[in-house]
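Engineer: To start, I am sharing the structure in question, which I have written as structure tokens.
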Amino acid sequence: MHRDRLDELKNRIGLLDYLSRYDWQPCRRSSGGQVAGLCPLHTETRPSFWIHTRKNLFYCHGCGRGGDLIRLVQLYHHLTFPEAIAHLRRHTTTSLLDDAIAFYRAQLHRPEAIAYLDQRGLHDPATLATLGIGYAPGACLAAHLLDLGYAPDQLRQAGLINPEGRDTLYRRMVFPHGATLYGRSIDPLCRAPHRFLHTGKGGLFGWPWHPSAPQVILVEGFFDVAALWQAGFVHATCGGGTHLNSTQFQQLITGKRTVRIALDADAAGQQAALSLSTRLHQAGQQARRILLPQSHDPASYFAAGASADDFRTLIEQALP
Ligand SMILES: [Zn+2]
């Protein structure tokens, strides 16, 4: 890696910020920009680990180790130099996505976002907050992230900005989803209403919340998941379409569970539900197909006024 790029990587992340992500807290601060705390590299009861925040260097008087951020990452995670660099690159991408999500979250007050959520019947602040839903108004994200100190290159590499320099998720409701973001266009005439960052679809949405849940409800879209969450069905997940990729299918068949499939009521949805149910049975899982009223998906069903009890009745009537 080029020396400049290495310095850039080292300086972009503060040692203090980095360690605070691992719940490390300083217990003393000096006026010269130095902070002290218990050493994260060895066991001790009195703080002998110092960070010089301006120089972004550390030194521990207890174990005698010190250096820059890369050295700390090597010692803390037991990594080689190249591994530490790869780790820091991933760390910056995660921070970048977190900052983008925080920005999108702060845009939910915009009239077009409020109108869209209203039309989709989504109004519960707790659901919006838990799922991290935000809104990309377009044109403002890059300026905000550059202000935070990210380089234009990073925004492009993360896929947040397209080659024309525009916000990739322009005028979309945004859902954080693992290492990527999903954006649903609010424009009814948009020809590609669903978009992921270039990192792809990834696994099932929200899976880290219920990898060992005995029952899950599988739906098509992110808004279906949100509608179910809002109605109290928090074991809902989706693959972002009717067809699951192999990662998503693997997730469903790892562990024992009943999968309730609630895909769209249209022919394509029902065909996909039937074939998925067959594959799940073959893999040894229980599967049930929930039949929604004609022309509905779970989101539109709830938006049209259905209650949690109505959906519970559908679950009881589900077919094998
Ligand atoms: Zn130490």
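Every number here is computed from the coordinates shown, using simple stated rules; none is lab data. Here the structure is a predicted model, which is why all the values come from computation and not from measurement. Positions of Cβ are backbone-derived with ideal geometry, glycine not excepted, and every protein chain shown enters the neighbour counts.
Engineer: Suppose the chain between residue 7 and residue 192 were pulled fully straight at 0.36 nm per residue; how much longer would it get relative to their current alpha carbon spacing?
Structural biologist: 62.6 nm
Engineer: Let me ask something else about it. Between residue 126 and residue 271, what is the label-to-label distance in nm when each label sits 7 Å out along the Cα-to-Cβ direction?
Structural biologist: Placing both labels 7 Å along Cα→Cβ, they lie 4.1 nm apart.
Engineer: Would you list, by chain and number, the lysines whose Cα falls below 27 Å from the Cα of residue 55, excluding same-chain residues fewer than 8 positions away?
Structural biologist: In chain and number order, the partners are 10.
Engineer: Among bridges DSSP assigns within the chain, what percent are antiparallel (round to 5)?
Structural biologist: 70
Engineer: Can you give me the long-range amide H partners of residue 108? Hydrogens built in the peptide plane at 1.01 Å from N, cutoff under 5 Å, separation of 5 or more residues or another chain.
Structural biologist: Correct list: 135.
Engineer: Restricting to DSSP H runs of at least four residues, report the calculated mean residue ellipticity at 222 nm for the chain, -39500 (n - 2.57) per run over all residues, nearest 500 deg cm²/dmol.
Structural biologist: -11500 deg cm²/dmol
Engineer: Counting C-alpha atoms alone, how compact is the chain: give Rg to one decimal and Dmax as a whole number, in angstrom.
Structural biologist: 23.4, 70
Engineer: Rank by packing, highest mean first: peptides 135-146, 106-117, with packing defined as the count of other Cβ atoms within 10 Å averaged across residues.
Structural biologist: Put in order of decreasing packing, that is 135-146, 106-117.
Engineer: I'd like the FRET efficiency for residue 253 and residue 30, computed as 1/(1 + (r/R0)^6) with the beta carbon distance as r and R0 of 56 Å, rounded to 0.05.
Structural biologist: 0.50
Engineer: Right, next: Just to confirm the number: angle between the C-alpha axis of helix 267-282 and the first principal axis of the chain, 0 to 90 degrees, nearest 10?
Structural biologist: Compared with the principal axis, the helix lies near 70 degrees.
Engineer: Would you list, by chain and number, the lysines whose Cα falls below 25 Å from the Cα of residue 201, excluding same-chain residues fewer than 8 positions away?
Structural biologist: Partners within reach: 256.
Engineer: Still on this model: Between helix 81-105 and the chain, what is the angle of the helix's C-alpha long axis to the longest principal axis, kept within 0 to 90° and rounded to the nearest 10?
Structural biologist: Orientation of helix 81-105: about 60 degrees from the principal axis.
Engineer: Residue 286's amide H: which non-local residues (gap 5+, or another chain) put their own amide H closer than 5 Å, with H modeled 1.01 Å from N in plane and none for Pro or chain starts?
Structural biologist: Distant-sequence amide H within range of residue 286: 257, 259.
Engineer: Extension gain residue 45-residue 144, at 0.36 nm per residue separation less the Cα-Cα distance, in nm?
Structural biologist: Between residue 45 and residue 144, full extension yields an extra 31.5 nm.
Engineer: So how strong a dipole does the chain carry about its Cα centre when Lys and Arg Cβ are +1 and Asp and Glu Cβ are -1, to the nearest 20 debye?
Structural biologist: The calculated dipole for the chain is roughly 880 debye.
Engineer: What does the highest-first list of 96-102, 29-35 look like by mean Cβ count within 10 Å?
Structural biologist: With the highest mean Cβ count within 10 Å placed first, the list reads 96-102, 29-35.
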